[in-house]
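J.: Structure in structure tokens, see below.
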Amino acid sequence: MTNITKFDLDDEDLVVIIGSGAGGGTVANELAQKGVRSVVLEAGKRFTLADIKNNEWEMFMKLSWLDKRISAGGWHHAKNHANLPAWICKGVGGSSIHWAGVSLRFKPHEFKMKSTNGAIEGANVADWPITYGDLSPYYAKAEDKMGVTGEATGTPDLPESSHTKLHRIAAERTGMTFANAPMAINSVPRDGRPACQQIGFCMAGCVIGAKWSTMYTEIPKAEATGLCEIRPNSMVLKIEHDENGRATGVRYVDENGNKKLQKARIVCVAGNSIESPRLLLNSASKKFPDGLANSSGQVGRNYMGHVTGGVYGVFPKPVNMHRGTSVPSIITSEQLNKPNRGFVAGYTLEVLTLGLGFLSAFLKPGTSGWGREVSEALENYKNMAGVWICGEDLAVESNRITLHPTEKDQHGLPVPVITKTDHNNDLIMRNHAYAKMAKLYKSVHAVKLYNLPAYPNSHNMGTNRMSEKPSDGVVNKWGQSHDVPNLFISDGSQFVSSSSVNPTLTIVALAIRQAEHIAKLVKTNAL
Amino acid sequence: MNDNDNDTNNNNETNNNNSISRRKFLNNLGFGVAGTIAGGVAATTVIGLTTTSENKTTTITMPESGHMSQTLLIMAKDIYPHEIIENKYYQKIVDDLAIQETKLIGEGVAMLDQLSIEKLGKPFIKVGYEPDRVRILRSIEENAFFIKIRTALMFGLYDNKDLYHLFGYQGSSWDKGGYINRGLNDLDWLDE
């Protein structure tokens, strides 16, 4: 990639985008295609496909955001994943390098959880200020951009694997609804990228680029316009503002460790749901003592992952789950909101491969995860199959990102503390899912079942939520700050609810919609 | 790679000095893991093995190396027992670690023997009954010595290309064209 476009630090007419993942990378390209100039500041380095290997731990080390974070609260991460609450990436492309490619739309009711179920004790459930209908055309654009298989683009589903076949037959036997997952992985060559070769290791990065990632789609396309500059290895420290409360620029540390100030006309924050609120809190000033854009007090609050866990079964004969895409299929029977099950909202069950390395760590996380039980399970690796539970995690105000009072990171910034405790609804839902999986796996002769607790969160949402009223949330229906008009949130932290599906497709749909709005404001000089 | 200096320095030291390297930074947080173990540093955080156990600094006579090596082998096989894996693989993992982490491992083995003598009247390698050994190991599973050994084994056994085949795991596949034409859907033991 020949990237010759360089913008001046004093250029006051730029959109400065912080983060280059599904949200930031998409906004950058959408703006560039509409003639709006931007600089993307990305904390991580730039990878090429040659850096991607078929090895789980090697790629985990290479791609993950490993700056210090602290897990706190009642979730098991506080003990078992004390410094890794979330499993997300640091690099140009962000966590879109790591995502599995599952591209399901939210259900209409998932945009209005409060009017669906009323207020829920101990939760801060709210309706989105947009409806499914508002987002629907942007979902279509996102699916087209990302090449989502199946109905969305008219491209074939990915081929069936043994791992899928086992679940399909089990679902048929138990009357559960089964579907091939709509995937942002090419089943046929498309958009200059090849078709999937069923390599596996999707979450270690796709070696051939068959899976959509901003790393090799949106980012180079944005750069090719000459209207977008990507600055890797650039960690943002603070967003600056003027006396009128408008954002004026962004302070960051460049690749050589030098502190810089990039001036800005508009700032888009897309650092994922931990770094984005952390940056707003770290941008506190005399005018905004509780953090930038935080008059509601909601910055950092309502942190959501998914109600999750894993279930792995040992079967009498080989499944070879490692052959093929990491998440090949889903079971959707429990996705709808049916409070008579004893919990509100719903969940999906996503067939998920773990390799031998990851399974050895996650089968029984924590200090007691050793001994015969673990080693016997691993000796059955070939005969194992598994799912990942993806259920709606309710927004709870006290589940939040805060700044550690004394501990600082390598840039001198307070480290984030991620406090989370399961709501009772989460516990009931998770147990419901474990029971459903036991029934499912018994129907195909499982000889042993393992219920795994939650992994570090790859789905992080809600910490700068949208709201109609400024007192209820951080941003409006465009992701625009209620307090600072030229500040936008462009990632999953603007989510109001977490839904029963993976967040990336919705992040991309929101980013396309937001970029269209920003371009309109820029062209009419409204901002 | 020499990480020995980090064992005495795995407290909550605050780092706001830009010149501190990334690795040093991580190590100071108690993430230090022997460098030959691929992925070890942050991986320990994934599986929750970051407990910074208080290691007593009382003077302990270092065990003789043959005894240490034998003790570590038995311990390793109790942690992840596999008949399918030859002893030499376990032995190499623990011996390498003992060289890299002389003090931690030496003191750990001495501590293990002391515990074993207190509870069962003999050093660890003389305890013939596996459940007895496992009970002792369970009591030290949050100790830094045990965690170091266990972490090394987890990577050395399960992230080891030479051993994948024993588990039916096939490792890297892109170099073989993936599975699209290579047994992707060969499950034949379930009736439709």
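J.: Rounded to whole Hz and in sequence order, give me ³J(HN,Hα) for region A:301-313 from the Karplus expression 6.51 cos²θ - 1.76 cosθ + 1.60, θ = phi - 60°, writing x for Gly and Pro.
T.: So the J values, rounded to whole Hz, are 8, 6, 4, 10, x, 10, 5, 8, x, x, 10, 10, x.
J.: Evaluate E = 1/(1 + (r/R0)^6) for A:Arg372 and B:Gln70, where r is the Cβ-Cβ distance and R0 equals 22 Å; express this FRET efficiency to the nearest 0.05.
T.: Numbers: r = 21 Å, r/R0 = 0.96.
So the FRET efficiency works out to roughly 0.55.
J.: Which percent, to the nearest 5, of DSSP beta bridges fully inside the protein assembly as shown are antiparallel? Write out the running numbers ahead of the final one.
T.: Details: 48 of 69 bridges.
Beta bridges within the protein assembly as shown, antiparallel portion: roughly 70 percent.
J.: What is the percent of Cα-Cα separations in region A:1-149 that go past 27 Å? Show your work: numbers first, answer last.
T.: On the way: 5023 of 11026 pairs.
Result: 46 percent of Cα pairs exceed 27 Å.
J.: Please list 3J(HN,Hα) in residue order for region A:219-225, calculated via the Karplus relation 6.51 cos²θ - 1.76 cosθ + 1.60 where θ = phi - 60°; whole Hz, with x for glycine and proline.
T.: These are the phi-based 3J(HN,Hα) values: 5, x, 5, 5, 4, 5, 6 Hz.
J.: May I ask you to list the chymotrypsin sites (Phe, Trp or Tyr not before Pro) in region B:122-159 that are in a DSSP loop and have at most 15 other Cβ atoms within 10 Å of their Cβ? Numbers along the way, then the final one.
T.: On the way: sites: B:Phe124, B:Tyr129, B:Phe145, B:Phe146, B:Phe155, B:Tyr158; in loops: B:Tyr129.
Listed in order of number, the matching sites are B:Tyr129.
J.: 5 Å is the cut-off here: which amide hydrogens, built 1.01 Å from N in the peptide plane, fall below it relative to A:Gly346, excluding neighbours closer than 5 in sequence?
T.: Under 5 Å from the amide H of A:Gly346 lie the amide H atoms of A:Glu392, each far enough along the sequence or on another chain.
J.: Kindly identify region A:200-307 as rounded, prolate or oblate by the Cα gyration tensor criterion: order the square roots of the eigenvalues as a ≥ b ≥ c, call it rounded if a/c is under 1.5, otherwise compare a/b with b/c, prolate if a/b is larger, else oblate. Please list the in-between numbers first.
T.: On the way: a/c = 2.35, a/b = 1.42, b/c = 1.65.
It is oblate, given that a/c is not under 1.5 and a/b is not larger than b/c.
J.: Could you tell me the distance between the Cα centroids of region A:55-90 and region A:241-318, to the nearest Å?
T.: Taking the Cα centre of each part, region A:55-90 and region A:241-318 sit 17 Å apart.
J.: Sticking with this structure for a sec: If amide hydrogens are placed 1.01 Å from N in the peptide plane, which non-local residues have theirs closer than 5 Å to the one on A:Lys238?
T.: A:Arg251
J.: Could you order the peptides A:53-59, B:86-92, A:500-506 from most to least packed, using the average number of other C-beta atoms within 10 Å per residue?
T.: Details: A:53-59: 20.3, B:86-92: 13.9, A:500-506: 27.0.
The peptides rank, most packed first, as A:500-506, A:53-59, B:86-92.
J.: Then there's this: Do you know the relative contact order of region B:63-174, to the nearest whole percent, from alpha carbon pairs under 8 angstrom that are 6+ apart? Don't jump to the answer; show the numbers that get you there.
T.: Numbers: 79 pairs, mean separation 34.0, N = 112.
It rounds to 30 percent for region B:63-174.
J.: Got a sec to turn the phi values of region A:458-469 into Karplus ³J(HN,Hα) couplings, 6.51 cos²θ - 1.76 cosθ + 1.60 with θ = phi - 60°, whole Hz, x for Gly and Pro?
T.: Those phi angles translate into 8, 9, 10, 9, x, 7, 9, 5, 6, 7, 5, 8 Hz.
J.: Using a 1.4 angstrom probe on heavy atoms only, work out the carbon and sulfur share of the accessible area of region A:379-527 in %.
T.: Details: 2340 of 4550 Å².
So the carbon and sulfur contribution to the accessible surface is 51 percent.
J.: Still on this structure, please answer the following. What nm distance separates the two modelled labels at A:Lys286 and B:Asp186, each placed 7 Å from Cα along Cα→Cβ?
T.: About 7.3 nm separates the two model spin labels.
J.: Sort all Cα-Cα distances of the protein assembly as shown into consecutive 20 angstrom bins from zero, then give the percent of pairs in each bin up to the one containing the longest distance.
T.: Reading the bins upward from 0: 18, 51, 28, 3, 0.
J.: Order A:472-485, A:417-430, A:452-465 from most to least packed using the mean count of other Cβ atoms within 10 Å. Don't skip to the end; give the middle numbers.
T.: Working: A:472-485: 22.6, A:417-430: 20.9, A:452-465: 25.6.
Top of the packing list down: A:452-465, A:472-485, A:417-430.
J.: What does the structure give for A:168-181 when I average, per residue, the other chain Cβ atoms found within 10 Å of the residue Cβ? It would help to have the intermediate numbers written out before the result.
T.: On the way: counts 2, 4, 1, 0, 1, 2, 0, 0, 0, 0, 0, 0, 0, 0.
Mean shielding by partner chains, rounded to a whole number: 1.
J.: For region B:100-188, which trypsin sites (Lys or Arg not before Pro) pass both filters: DSSP loop (anything but H, G, I, E, B) and at most 11 other C-beta atoms within 10 Å?
T.: Details: sites: B:Lys103, B:Lys119, B:Lys126, B:Arg133, B:Arg135, B:Arg138, B:Lys148, B:Arg150, B:Lys161, B:Lys176, B:Arg182; in loops: B:Lys161, B:Arg182.
Listed in order of number, the matching sites are B:Lys161.
J.: Can I ask one more? Would you tell me the mean number of C-beta atoms belonging to other protein chains that fall within 10 Å of each C-beta in A:351-363, as a whole number?
T.: Numbers: counts 0, 0, 0, 0, 6, 12, 12, 5, 3, 9, 12, 2, 1.
Whole-number average of other-chain Cβ neighbours for A:351-363 is 5.
J.: With r as the distance between the Cβ atoms of B:Lys176 and A:Ala179 and R0 = 25 Å, compute the FRET efficiency 1/(1 + (r/R0)^6) and round to 0.05.
T.: Values: r = 29 Å, r/R0 = 1.17.
Step by step, r from the Cβ atoms, then E = 0.30.
J.: Further question: Mind grabbing the interface size between B and A? I mean buried accessible area, both sides, 1.4 Å probe, in Å² to the nearest hundred. Please list the in-between numbers first.
T.: Working: alone 12150 and 19130 Å², together 25450 Å².
Answer for the B-A pair: about 5800 Å² buried.
J.: Hey, got the average number of other protein chain Cβ atoms within 10 angstrom for residues in A:372-381?
T.: Values: counts 7, 0, 5, 10, 2, 0, 7, 8, 2, 6.
Per-residue shielding by partner chains comes out at 5.
J.: Moving to a separate point now. Check which residues have an amide H placed less than 5 Å from A:Thr5's amide H, if you skip close sequence neighbours.
T.: HN-HN under 5 Å from A:Thr5: empty list.
J.: Run through every distinct alpha carbon pair of region B:63-174 and return the Kirkwood hydrodynamic radius in angstroms, one decimal place. Walk me through the numbers on the way to the answer.
T.: On the way: mean 1/r = 0.0686 Å⁻¹.
Kirkwood hydrodynamic radius for region B:63-174: 14.6 Å.
J.: Based on the Cβ-Cβ distance of A:His445 and A:Asp8, what FRET efficiency does E = 1/(1 + (r/R0)^6) give at R0 = 56 Å, to the nearest 0.05? Intermediate values should be presented prior to the final figure.
T.: Working: r = 67 Å, r/R0 = 1.19.
In this case the efficiency is close to 0.25.
J.: So for the pair A:Glu58, A:Glu151, with labels modelled 7 Å out along Cα→Cβ, what separation do we get in nm?
T.: 4.1
J.: Here is a follow-up. Given only helices, namely DSSP H runs of n ≥ 4 each adding -39500 (n - 2.57), what is the per-residue ellipticity at 222 nm of the protein assembly as shown, to the nearest 500 deg cm²/dmol?
T.: Details: 20 runs with 218 residues, N = 719.
After summing the helix terms and dividing by residue count, I get -9000 deg cm²/dmol.
The values are calculated or read from the model by the stated rules, or taken from the named source; none is laboratory data. From a predicted model like this one, the values you see are computed outputs, not experimental measurements. When we count neighbours, we look across all protein chains shown, and the Cβ atoms used for this are built from the backbone with ideal geometry, even at glycine. Surface accessibility is based on the protein's heavy atoms, side chains included, excluding ligands, DNA and RNA. Shrake-Rupley method; radii C 1.70, N 1.55, O 1.52, S 1.80 Å.
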